[in-house]
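For reference, the structure discussed in these notes is given below.
None of the figures in this text is laboratory data; all of them are computed from the coordinates on show. In this text the structure is predicted, and so the values were computed from the model without any measurement. With ideal geometry, Cβ positions are generated from the backbone for all residues, glycine too; neighbour counts draw on all protein chains shown.
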Amino acid sequence: MHADTEELYKHRVIQFCRFHPDPDQVRSAVLWLSGVAGIQTVQPLSPYALAVVYDLRQVTLHCIERALSELGYHLDNSLLCKLKRALFHYTEETQRENLAITQECEITRREVFVNRYQHLAHGCRDPQPEYWREYQ
């Protein structure tokens, strides 16, 4: 089946819960998603929403939302948002099946976790330059 390349790039808005103790969920989510393969752009729209453009051949909205929830972000679960998400998940799954794409979302989740790990402050980093590590 031939697919127009414009149809393969999805523009979605991800809404976050307004009653979360962290008021800066959107900004930190933008940082985690910015380096993931398949995600073209991520921009904050408001303190509770972000816009994301992604390639459907590599990642789906369901994968992005699942990775965000596993990272501890709270998505908006109002009835309207749930209905929109269900519709987007169904249409994207159907479109991927029509294109014979069987790739799972594990790659995307792994990349989000690696990106998150690289941004965390922890003691597992060696402050020495690479060329000094060879000398004992």
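Measure out, as a whole number of angstrom, how far apart the alpha-carbon centroids of the stretch 24-43 and the stretch 57-82 sit. Comparing the Cα centres of the stretch 24-43 and the stretch 57-82, I get a distance of 13 Å.
Straightening the chain between Ser69 and Cys17 buys 17.6 nm, computed as 0.36 nm per residue apart minus the Cα-Cα spacing. Here the peptides 14-24, 94-104 are ranked by packing, the mean other Cβ count within 10 Å, and the order with the highest first is 14-24, 94-104. Three principal axis extents of the stretch 5-132 based on alpha-carbon atoms, in descending order, are 52, 38, 21 Å. Dipole size of the stretch 5-132 about its Cα centre, with +1 on Lys/Arg Cβ and -1 on Asp/Glu Cβ: approximately 320 debye, rounded to the nearest 20.
Efficiency by 1/(1 + (r/R0)^6): what FRET value for Arg27 and Ala86, r their Cβ-Cβ distance, R0 = 35 Å, to the nearest 0.05? The formula returns an efficiency of 0.80 here.
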